[in-house]
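The values are calculated or read from the model by the stated rules, or taken from the named source; none is laboratory data. The structure presented is a predicted model; accordingly, all values stated were derived computationally and were not measured. Methodologically, a virtual Cβ is constructed for each residue, glycine included, from the backbone with ideal geometry; neighbour enumeration extends over all protein chains shown.
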Amino acid sequence: MAKNAASNQTSSQTSSQTSGQTPERQQWSGQIGFIIAAIGSAVGLGNIWRFPGVAYENGGGAFMIPYLVALLTAGIPILFLDYALGHRYRGSAPLAFRRLGGKLGRWVESVGWFQVMICFFIAIYYAAILAWAASYFVFSFNQKWGQDTVGFLMDDYLQTDQVTGGLLAPVAGVMIPLGLIWVAAVAVMARGVKRGVEAANMVAMPVLVIAFGVLVVRALFLPGAADGLNALFTPDFSALAKPTVWVAAYAQIFFSLSIAFGIMLTYSSYRKRRSNLTSPGLVVAFANSSFEIMAGLGVFSVLGFMAHENGQTMAELAKSTSINGIGLSFVTFPKVVSEMPGSAVFGALFFGSLLLAGFTSLISILQVVSGALQDKFALSEAKAALTMGVPVALISLIAFGTKAGLPNLDVVDKYINEVGIVLSAIVMMVVTMWARRKGREFCFHLSALSTFKVGRLWRWSVSFVCPVVLTYILVLTVRDLLAAPYSGYGWRLLSLGGWGTVIACVVAALALRLVPWQRDPLEFEAYPTYPPPLGAKAPAAGKVS
Amino acid sequence: MTAAAVLMLIVALAVVPGGLVAATAFLALRPEVASYPPPDPGLPD
């Protein structure tokens, strides 16, 4: 077939005119490799340290109802949209959006670069948390944190109280593991999708599941574990009447599944053209949620043990102790580990699990950046890994390997997740479903190649339900962030590290679209052809309306 | 554990890990893509 796609044609127009000169794209070894890598990306720190606390604070057992509704009406549909974009347009986020955009492709490409920039900033601080987990993994063997776990974290480990040398003075205890994390991550990226990303996941994920499974089973048999599980699962059905509970459920699903900021889009672009997309997507989504339930069982069994040891009720414990995020992992858990039998093993299992879960997510985040560089500048995997890895690692080491690390991390994390990613999702759905009106074409693409068919419900979800819910969440978040300084931080830090980061993503996204492509981005053929040729046997298309 | 908590735990386990088992079984039983469209030898895979 001759391949001379005009730059202003849509993908379906392009499909009839192009030929076989498109360079071979990297690929997973097969369906299992893709599924394991996608689960590795979705299962991250948020599954372990965010879900249990969010569930407890939003109705306990009753939270499962909005959580499941959110999974089915937002999580899985947006996951499928990511798959459709990446797989149909066979590119990293900027390339896929460039091809999606048609005549507006040069502008729509910015949506992809916005997602790349989000990943760039997340990688910078995400690696720092992994460095902490690596340090605490080592500390577990002699419980170096002692009795005062808050003081140890803030003063001894992060040295946030020591002004000597200024805020940018390096903290060796963080810098060394952080440097090692970056070396490992760049090495994985340099080996490419199959030999690097997939291979790392194929090793890390089984180890993670076994290690975390052992930890959860051990935790279930601790004294007081039943009290912890009672607290987590006893339903408060009155909570279902509160909009904030539903918002929390949608936010949890949204942040947990690695959707709408380029990861799943990029991963699906490395699948073969004839690939089952939706059925593996269901496996990934339910595996991610299963891990969250498992984490809930483990974390609340441990918290129940802690309450039992302290002679407190779970409600008293939740008021006096952090049950979420960094506080849960690096303050509460070390305290519990010190109190329990077999503490070294338990601590190593917990922090080892955090490290593995986080590392597989980190490499998926980096793949978004690396894949974009490969596509835009026609770089090899190794060159892209170094081009991306060196500056990202240096920024990460300067920003988070120093005494200013904790406030920086907290602020960037808050704004990039709750403003940046939500904004990315809304723009992605509006551009795809409303501006480019690709609902039917993507429906056809997903169904024609998959054994689990999607149709009108999916289109309604990503056209109406998800944009409306996420816009509501974004408005609430922005209102709260403007009403009072987040966590009491100064406006200078919030402006630079918070709003500044989001604005930097937007500006960089608009600027990067102007950089010329090293290969014609529109020289490709969307497959299968849409609309299907007359007379073609199309069982899937018959269900798409 | 209270009866209500046990019930919600069972529901959670039935739906979420149950959903994982069902999705995996479905994928194992129907791993192949639909017959349409046919392979296109002119395209890189």
From the options A:Ser461, A:Ser495, residue that is surrounded by 20 or more Cβ atoms within 10 Å (Cβ to Cβ) and in a helix (DSSP H, G or I): A:Ser461
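Anything in segment B:3-39 that is hydroxyl-bearing (Ser, Thr, Tyr) and either modelled with pLDDT under 95 or touching a His at 6+ places or on another chain (Cβ under 8 Å) (or both)? List them, or say none. Even if it seems obvious, please write down each step before you answer.
If we filter segment B:3-39 for residues that are hydroxyl-bearing (Ser, Thr, Tyr), which is where we start, we get B:24, B:35-36.
Selection gives B:Ser35, B:Tyr36.
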Given (1) farther than 30 Å from B:Ala3 by Cβ; (2) within 14 Å of another protein chain (Cβ to nearest Cβ), index of the condition A:Gly304 fails: (1)
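Counting only residues that are among the β-branched types (Val, Ile, Thr) and either touching a Phe, Trp or Tyr at 6+ places or on another chain (Cβ under 7 Å) or in contact (Cβ under 8 Å) with a residue 12 or more places away in the chain (or both), which one in segment A:210-226 is nearest to A:Phe300 (Cα to Cα)?
Within segment A:210-226, the subset among the β-branched types (Val, Ile, Thr) is A:210, A:214, A:216-217.
Still in the running and either touching a Phe, Trp or Tyr at 6+ places or on another chain (Cβ under 7 Å) or in contact (Cβ under 8 Å) with a residue 12 or more places away in the chain (or both): A:214, A:216.
On the way: A:Val214: 15, A:Val216: 10 Å.
Checking each candidate, the answer is A:Val216.
Among A:Pro516, A:Pro533, A:Pro528, which is the only one that is more than 26 Å from the chain's Cα centre (by Cα), within 14 Å of chain B (Cβ to nearest Cβ), closer than 29 Å to A:Glu24 by Cα and free of Cβ contacts under 8 Å to residues at least 60 places away in the same chain? Spell out how you get there, then give the answer.
Details: A:Pro516 fails: within 14 Å of chain B (Cβ to nearest Cβ); A:Pro528 fails: free of Cβ contacts under 8 Å to residues at least 60 places away in the same chain.
Checking each option against the conditions leaves just A:Pro533.
Tell me, yes or no, whether segment A:149-170 has at least one residue that is farther than 24 Å from A:Leu328 by Cβ and in a helix (DSSP H, G or I). Before you say what the answer is, go through the steps one by one.
Just the residues of segment A:149-170 that are farther than 24 Å from A:Leu328 by Cβ, to begin with: A:162-170.
Cutting the leftovers down to in a helix (DSSP H, G or I) gives us none.
There is no residue in segment A:149-170 that is farther than 24 Å from A:Leu328 by Cβ and in a helix (DSSP H, G or I).
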Qualifying residue in segment A:444-463 (condition: out of contact with any His (no Cβ under 8 Å at 6 or more places or on another chain), within 14 Å of another protein chain (Cβ to nearest Cβ) and β-branched (Val, Ile, Thr)): yes
Criterion: part of a loop (DSSP other than H, G, I, E, B) and at pLDDT 95 or above - qualifying residue of A:Gly75, A:Gly91, A:Gly105, A:Gly86: A:Gly91
Any chance A:Gly196 is in a helix (DSSP H, G or I) and surrounded by fewer than 20 Cβ atoms within 10 Å (Cβ to Cβ): no
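Which of the residues that make up segment A:57-72 are within 12 Å of chain B (Cβ to nearest Cβ) and part of a helix (DSSP H, G or I)? Before the answer, list the steps.
The first filter runs over segment A:57-72 and keeps only residues within 12 Å of chain B (Cβ to nearest Cβ), leaving A:59-65, A:67-69, A:71-72.
Across segment A:57-72, the qualifying residues are A:Gly61, A:Ala62, A:Phe63, A:Met64, A:Ile65, A:Tyr67, A:Leu68, A:Val69, A:Leu71, A:Leu72.
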Hits in segment A:250-273 (condition: assigned to a helix (DSSP H, G or I) and more than 16 Å from A:Ile421 (Cα to Cα)): A:Tyr267, A:Ser268, A:Ser269
The lone exception for A:Ser545 - which of (1) surrounded by fewer than 17 Cβ atoms within 10 Å (Cβ to Cβ); (2) modelled with pLDDT under 90; (3) within 14 Å of chain B (Cβ to nearest Cβ) it fails: (3)
